[in-house]
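Encoded as C-alpha cells, the structure appears first; notes follow it.
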Amino acid sequence: MQNLRYHLIFRPEPEGGFTVIVPSLPGCISYGKNLTEAKKMARDAIKGYITSLKKHHEPVPTDDEVFISSINIEQPAAKLKLQYA
C-alpha cells in the first residue's frame, strides 16, 4: 500500500462548517460541519478523485515534494473620501 500526501485548505463558512480544498487536485473540494468531519470528507473526496485518475490512466499528483507557506502583505489603511453636495 502506498501513502500519498496532500495539503488541505480549510475555509470556515459563514453558515458554519468548513469547505476543504485540495490544491494539488483541481476541483477536489469537500465540506464538513466541523474540522473532524471536513477532514474525513476530504479523505473520501481524494480517494474518489484518485480512483477516477487511475480509471482514465492519468498521472496521480501528490504533495510529497511541495511545501506551503504564507505571507502577510501590509497595506496602508484606506482613507475616507468625503463628498460634498
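Structure notes:
- Dipole-positive endmost among Thr36, Gly16, Leu53 within the stretch 9-55 (Cβ charges, Cα centre): Leu53
- For the chain, the longest principal axis of the alpha carbon atoms and the long axis of helix 35-55 meet at an angle near 50°.
- Prolate/oblate/rounded call for the stretch 9-55, Cα gyration tensor, a/c under 1.5 rounded: prolate
- In the stretch 15-85, the GluC sites (Glu not before Pro) that fall in loop regions by DSSP, at most 15 other Cβ within 10 Å: Glu15, Glu65, Glu74
- Sum of -39500 (n - 2.57) over DSSP H runs of 4+, divided by residues of the chain (222 nm, nearest 500): -8500 deg cm²/dmol
- Here P(r) over Cα pairs in 10 Å bins from 0, in percent was calculated from the structure, and among [x] 17, 53, 27, 3; [y] 19, 56, 23, 2; [z] 14, 35, 24, 12, 8, 4, 1, 0 it sits at label [z].
- Converting phi to 3J(HN,Hα) with the Karplus coefficients 6.51, -1.76 and 1.60 and the offset θ = phi - 60°, the stretch 19-33 yields 8, 10, 10, 10, x, 6, 10, x, x, 8, 9, 9, 8, x, 5 Hz in sequence order, with x at every glycine or proline.
- Neighbour-limited loop hits for chymotrypsin sites (Phe, Trp or Tyr not before Pro), the chain (at most 16 other Cβ within 10 Å; DSSP other than H, G, I, E, B): Phe67, Tyr84
- For the stretch 1-53, applying the loop criterion from DSSP together with a ceiling of 10 other beta carbons within 10 Å to the trypsin sites (Lys or Arg not before Pro) yields Arg5.
FYI, it's all coordinate maths here, none of it is from the lab. Treat the numbers as computed from the prediction; the structure is a model and nothing was measured. Because the Cβ atoms are built from the backbone with ideal geometry, glycine has one as well, and the counts that use them run over all protein chains shown.
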